[in-house]
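Please read the structure below before turning to the comments.
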Amino acid sequence: MNEATLEPRPEGFRHVTRVLSELGHPRAPRFLDIAARTAQEAADALGVSLGQIAKSVIFRRRDDDAAVLVVTSGDRRVDEAKVAAHTGALKRADADFVKAHTGYSIGGVAPLGHARPCVTLIDRELFRFDEIWAAAGHPNGVFPLSPQQLEQLTGAPVADVVQS
């Protein structure tokens, strides 16, 4: 996608498009006709299974207020205790915290290109799929990748972070 094509798109989507290009990701983000604020809405819009949606869940680390991003499979629920075992004690993150730390609004948090560094963990359940879809900086934006590409692009460790 060239800059002229991107111009009418929201800044978060343009930012993720640039970051992916700079990182050499071979597939450009798609801007959907509808907002996909939930994993189910994204799966429905893309015609893929719920598990193929790489949803971004943000927590706030208690001891230093760092943002903790868990990229998890859309059909799984994050186990906060399992995440805390990797990161330290957590608390909920509100919309203002998410926007300040990632640069994105809830419903469009991409797994990369954050305003501030985030502690990031990747749910191992994503590796059940050859192709997954992640948010691209806006509720209408998504991009395809493999779980292995997600790991490479983010440099994040893969962990067991979901409820059994």
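Looking at the stretch 127-142, is at least one residue under 15 Å from the mean Cα position of the chain (by Cα), charged (D, E, K, R), surrounded by fewer than 22 Cβ atoms within 10 Å (Cβ to Cβ) and under 24 Å from residue 33 (Cβ atoms)?
yes
Please tell me if residue 46 is on the phi < 0 side of the Ramachandran plot, aliphatic (A, V, I, L, M) and at pLDDT 95 or above. Show your work before the answer.
Details: on the phi < 0 side of the Ramachandran plot: yes; aliphatic (A, V, I, L, M): yes; at pLDDT 95 or above: yes.
Yes; evaluated as a whole, the condition is true for this residue.
Residues to consider are 91, 55; find the one that is under 17 Å from residue 147 (Cβ atoms) and assigned to a strand (DSSP E or B).
On the way: 91 fails: under 17 Å from residue 147 (Cβ atoms).
It is 55.
Can you tell me how many residues within the stretch 58-77 are assigned to a strand (DSSP E or B) and either charged (D, E, K, R) or surrounded by fewer than 19 Cβ atoms within 10 Å (Cβ to Cβ) (or both)?
Here the count works out to 2.
The values are calculated or read from the model by the stated rules, or taken from the named source; none is laboratory data. On a predicted model such as this, the values are computed, not experimentally measured, just so you know. For neighbour counting, all protein chains shown are included, and Cβ atoms are generated from backbone atoms with ideal geometry for every residue, glycine included.
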